[in-house]
Amino acid sequence: MIYYDFHIHSCLSPCGDKDMTPNNIVNMAALSGLNAIAISDHNTVGNVKACMEVAKEVGITVLAGMEVETEEEVHILTLYPTLEAAQEAASEVYKKLPAIKNRPEIFGEQVFMDKDDNITGYEEKLLISPAAMSMNYLFDVVKSVGGIYIPAHVDRHSYSVLTNLGFIPDDIDIKNIEISRMTQDVESYLAAREELLKYKIFRNSDAHYLQDIATPEAYISDISELFGG
Ligand SMILES: [Zn+2]
Ligand SMILES: [Zn+2]
């Protein structure tokens, strides 16, 4: 069994705490008893490599993830089979992000780090804007590199597909959804929403602070099952 938390923000997300460094995240996840995590920053994969390098030493799995905001202002959690696949998708997303400069004093710093938690630079473009791509377009981008597509925190009131559209579009081949920790009783939540029963459910922390990283509850049988291998 692989206990996971596939939605964790690093200090590269402007809203991510400055303590969300590669070493802190990976060591906290390992201490919590997790076997696999994904670094899923807003519209970027810039700190994934450093976290993967730390994870190699600590002995847990770090997947490349990215939480993309589409033009519908819906957050989609995306996970990738390799760092290269993630970088390819991320460069497509980055191109479609509006050219708005981050204002660290308002939004927070966007810090790149290496595997020793040294600051290697700052992302200048504001990462928390919607990319100029539809949910459908993003699906094609993610699929083309073998990634998986998970509408994020569908039970929340902001940046969620169910709030913004009112339904999960059926012209996209969506197989997974994420239900946030706001909803503790998933069975009751789903019982009232039969249309959601056909999706595979992911439970993640969406941690922006170290203490919010998940405890080992949600699990999958194997990492390879994610990418259909
Ligand atoms: Zn989100
Ligand atoms: Zn998030």
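Of all residues in region 191-212 being within 16 Å of ligand 1 (Cβ to nearest atom) and crowded, with 16+ Cβ neighbours inside 10 Å, which is farthest from Met66 (Cα to Cα)?
Only one residue fits best here, namely Asp212.
If you scan region 71-109, which residues turn out to be within 14 Å of the chain's Cα centre (by Cα), within 18 Å of Asn136 (Cβ to Cβ) and within 14 Å of ligand 2 (Cβ to nearest atom)?
Val74, His75, Ile76, Leu77, Thr78
I'd like to check something: does region 156-163 contain any residue that is β-branched (Val, Ile, Thr), buried (at least 20 other Cβ atoms within 10 Å of the Cβ) and part of a loop (DSSP other than H, G, I, E, B)?
No, every residue in region 156-163 fails to be β-branched (Val, Ile, Thr), buried (at least 20 other Cβ atoms within 10 Å of the Cβ) and part of a loop (DSSP other than H, G, I, E, B).
Between a residue in region 23-50 that is touching a residue at least 12 places away in the same chain (Cβ under 8 Å) and any residue that is away from ligand 1 (no atom under 16 Å from the Cβ) and of a type in the set (Lys, Arg), which pairs come within a Cβ distance under 7 Å, given they are 6 or more apart or on different chains?
From residues that are touching a residue at least 12 places away in the same chain (Cβ under 8 Å), the pairs are Ala50/Lys115.
Give the residue that is nearest to ligand 1 (Cβ to nearest atom), with candidates limited to residues of region 9-24 that are surrounded by fewer than 24 Cβ atoms within 10 Å (Cβ to Cβ) and in a helix (DSSP H, G or I).
Ranking the qualifying residues of region 9-24, first place goes to Asn24.
Just one of Val93, Val142 is touching a Ser or Thr at 6+ places or on another chain (Cβ under 6 Å) and either assigned to a helix (DSSP H, G or I) or over 30 Å from Glu225 (Cα atoms) (or both); which is it?
Criteria check complete, one pass: Val142.
Please verify whether region 62-79 includes one or more residues that are more than 16 Å from ligand 1 (Cβ to nearest atom) and of a type in the set (S, T, N, Q).
no
Considering each residue of region 165-190, count those that are within 16 Å of ligand 1 (Cβ to nearest atom) and more than 19 Å from the chain's Cα centre (by Cα), and give that number.
Residues flagged as within 16 Å of ligand 1 (Cβ to nearest atom) and more than 19 Å from the chain's Cα centre (by Cα) within region 165-190 amount to 1.
What do you reckon, is Asp171 over 18 Å from Thr78 (Cβ atoms), among the acidic types (Asp, Glu), touching a residue at least 12 places away in the same chain (Cβ under 8 Å) and surrounded by 17 or more Cβ atoms within 10 Å (Cβ to Cβ)?
no
How many residues, within region 176-200, are basic (Lys, Arg) and in contact with a helix residue (DSSP H, G or I) (Cβ under 9 Å, 6 or more places away or on another chain)?
2
Restricting the first residue to region 147-159 and requiring it to be within 8 Å of ligand 1 (Cβ to nearest atom), which pairs with a second residue that is among the acidic types (Asp, Glu) meet a Cβ separation below 7 Å and a spacing of at least six or different chains?
From region 147-159, the pairs are Ala152/Glu67; Ala152/Glu178; His153/Glu178; His153/Asp206; Tyr159/Glu69; Tyr159/Glu73.
Readers should treat all values here as calculations from the given coordinates under stated rules, not as data from a laboratory. Computed from a predicted model, the values in this text were never measured in an experiment. Because the Cβ atoms are built from the backbone with ideal geometry, glycine has one as well, and the counts that use them run over all protein chains shown.
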